[in-house]
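First the structure, in the form of structure tokens, and then the observations on it.
The values are calculated or read from the model by the stated rules, or taken from the named source; none is laboratory data. What you see is a predicted model, and the numbers here were worked out from it, not measured in a lab. In this analysis, Cβ positions are derived from the backbone assuming ideal geometry, glycine residues included, and neighbour counts consider all displayed protein chains.
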Amino acid sequence: MKIDLERLGHGSTTFEITVPESDLSPEPGIHFPNGASAKGTVASGSAGVTVSGEIAARPLIDCTRCLEPVEKELSFQFDAVFVRPEDFTADKEREVHGEDLNVDILEGEQIDLYSIVREQLLLEMPEQVFCKEDCKGLCDRCGTNLNTDECRCKDDDIDPRWAALKNLK
Ligand SMILES: [Zn+2]
Ligand SMILES: [Zn+2]
């Protein structure tokens, strides 16, 4: 969903959107079965455009160890600042970074809310997710999920006598 800045002029508008999963183009191992919702304000002035508001989503993220999807609840505030290319001077960058905001350069006369939501979500995504604190993960030899199943790989390593018995069968 795009906001036309020429039509907005120097002014502001509010938005309340649901971004479908297909427009979030998530990374491998991350799914947004219900998309993401966002609401906030787009304010355009001589200094540039500020998009601020809040984003909520319940992504399914694969457990870092066993790859089972884990539902996470994300809800956070964001501010994204866009400046016109001609205003993007070193001074401006220093000034805005001092306020600890994200700064981007405007590309054309449109603001794409979907891609802003996507970027903000990526910034908030946890690096590691575990289905439970003591997740046993997958066997690195046969790929069995050791939380729900056992495999014989370890036995083979530990006790060669069992391996010998198995060969007799
Ligand atoms: Zn796990
Ligand atoms: Zn195994």
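Annotations
- Single condition VAL42 does not satisfy, out of (1) within 19 Å of GLU127 (Cβ to Cβ); (2) modelled with pLDDT of 95 or more; (3) surrounded by 12 or more Cβ atoms within 10 Å (Cβ to Cβ): (1)
- Hits in segment 50-82 (condition: charged (D, E, K, R) and closer than 30 Å to LEU106 by Cβ): GLU54, ASP79
- Contact annotation: residue pairs with Cβ atoms under 8 Å, 6 or more positions apart or on different chains, pairing a residue in segment 41-56 that is assigned by TED's automatic domain parsing to the domain that holds LEU122 with a partner that is acidic (Asp, Glu) and assigned to a strand (DSSP E or B), are THR50/ASP79; VAL51/ASP79; SER52/ASP79.
- GLU21 vs. criteria surrounded by 15 or more Cβ atoms within 10 Å (Cβ to Cβ), more than 16 Å from ligand 2 (Cβ to nearest atom) and not aliphatic (A, V, I, L, M): yes
- Segment 59-73, subset of a type in the set (Asp, Glu) and over 14 Å from ALA36 (Cα atoms), residue nearest to ligand 1 (Cβ to nearest atom): GLU68
- Per the listing PRO69, PRO28, PRO59, the residue uniquely under 30 Å from LEU146 (Cβ atoms), assigned by TED's automatic domain parsing to the domain that holds LEU123 and in contact with a Phe, Trp or Tyr (Cβ under 9 Å, 6 or more places away or on another chain) is PRO59.
- Single unsatisfied condition, PRO26 versus (1) under 20 Å from PHE130 (Cβ atoms); (2) in contact with a Leu (Cβ under 7 Å, 6 or more places away or on another chain): (2)
- Residue within segment 17-25 that is among the hydroxyl-bearing types (Ser, Thr, Tyr), part of a strand (DSSP E or B) and in the same structural domain as ALA80 (by TED's automatic domain parsing) present: yes
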